[in-house]
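Notes for the one structure printed next.
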């Protein structure tokens, strides 16, 4: 069973982060905001410190480049928007994709989906 799960998970990650045109109507600024994983993180102990699984994306001073912070993983990087396919990608070709207003990214555990965090009733 485990031998089947790895190829399936790999296929999902590659599909979610492929360079095929997906949503050409997506603009780089559509990625800007705070995104949260609605499932959240689970803790085994009440004493554990849990960092909420959030991604913060903001504009940089360079055109089509955005600063990205992944809080739960301690990742801080710049990602470039690719207008030809609507993906936001890091230099190592790890990409985010907007699908139906949700942020999707591939990981070792499959495709993760993040929703835009509501702030003060806006958005």
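The values are calculated or read from the model by the stated rules, or taken from the named source; none is laboratory data. As the structure is a prediction and not an experimental result, all values here were calculated from the model. Using ideal geometry, Cβ is built from the backbone for each residue, glycine included, and neighbour counts are taken over all protein chains shown.
Among the conditions (1) closer than 15 Å to residue 99 by Cα; (2) touching a strand residue (DSSP E or B) at 6+ places or on another chain (Cβ under 6 Å); (3) surrounded by fewer than 16 Cβ atoms within 10 Å (Cβ to Cβ); (4) at pLDDT 55 or above, residue 12 misses just one, which is (4). Selection of the range 52-65 for residues being in a strand (DSSP E or B) and in contact with a helix residue (DSSP H, G or I) (Cβ under 6 Å, 6 or more places away or on another chain) yields 54, 57.
Residue count for the range 66-78 satisfying the condition of being part of a strand (DSSP E or B), in contact (Cβ under 8 Å) with a residue 12 or more places away in the chain and over 16 Å from residue 33 (Cβ atoms): 2.
So that you can scan it fast, the table gives a plain yes or no per residue for (1) in contact (Cβ under 8 Å) with a residue 60 or more places away in the chain; (2) in contact with a helix residue (DSSP H, G or I) (Cβ under 6 Å, 6 or more places away or on another chain); (3) farther than 24 Å from residue 60 by Cβ:
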| site | (1), (2), (3) |
| --- | --- |
| 80 | no, no, no |
| 84 | yes, no, no |
| 87 | yes, no, no |
| 91 | no, no, no |
| 94 | yes, no, no |
| 110 | yes, yes, yes |
| 114 | yes, no, no |
| 117 | yes, no, no |
